[in-house]
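Peer 1: Okay, here's the structure, questions in a sec.
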Amino acid sequence: MGRRPSPTASKQSKGTRTISPEQEKAIERAHLEFKSGVFKHVSEAAQAHDVPYHTLLRCVKGLTRPKSDAHKGQRLLSTEEEETLVDWLKYLALTGHPVTRRTP
């Protein structure tokens, strides 16, 4: 009799996994160091930064992009607008004003 997946098991398709922000930064560092010549082979860069080899290889070949770049066209706010909004919300929080739909 086979094992049933637990009810909390992730429903990701085969071959996909979520990459943490820390691992994303490690992949970027490994990519930059490989491109700059610090490492001669992709496998060396992947091993040194403890990142999946095939993920780094796809990045080097230009087949994948960092999450921050991959969905830029789907964003509702530009980076500058988002930073302005964050600054405004921090200001409201520091001055003790609640943030509501009616906040000017």
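The values are calculated or read from the model by the stated rules, or taken from the named source; none is laboratory data. Given the structure is predicted, the values throughout are model-derived calculations rather than measurements. Here the Cβ positions follow ideal geometry from the backbone for every residue, glycine too, while neighbour counts run over all protein chains shown. Heavy atoms of the whole protein, side chains included, go into the accessibility calculation; ligands, DNA and RNA do not. Shrake-Rupley method; radii C 1.70, N 1.55, O 1.52, S 1.80 Å.
Peer 1: List the relative contact order of the range 9-104 as a percent without decimals, with contacts defined as Cα pairs under 8 Å and 6+ residues apart.
Peer 2: Values: 41 pairs, mean separation 16.1, N = 96.
Relative contact order here is 17 percent.
Peer 1: Quick one: how many Å² of residue 41 are accessible to a 1.4 Å probe, rounded to 10?
Peer 2: 90
Peer 1: When the chain is fully extended, how far beyond the present Cα-Cα distance does residue 44 get from residue 86, taking 0.36 nm per residue of separation?
Peer 2: 11.2 nm
Peer 1: Among the trypsin sites (Lys or Arg not before Pro) within the range 64-104, which fall in a DSSP loop and have no more than 15 other Cβ atoms within 10 Å of their own Cβ? If you can, show how the numbers build up before the last one.
Peer 2: Values: sites: 67, 72, 75, 90, 101, 102; in loops: 75, 101, 102.
Answer in residue order: 75, 101, 102.
Peer 1: Need one number: nm distance between label points at residue 58 and residue 74, each 7 Å from Cα along Cα→Cβ, rounded to one decimal.
Peer 2: Inter-label distance under the simple model: 1.5 nm.
Peer 1: Kindly sort 18, 95 by accessible area of their heavy atoms, largest first, with the probe set to 1.4 Å.
Peer 2: 18, 95
Peer 1: Around residue 42, what is the net charge, scoring Lys/Arg as +1 and Asp/Glu as -1 over all other residues with Cβ under 13 Å from its Cβ?
Peer 2: Numbers: positive: 35, 40, 58, 61; negative: 33, 44.
It works out to a net charge of +2.
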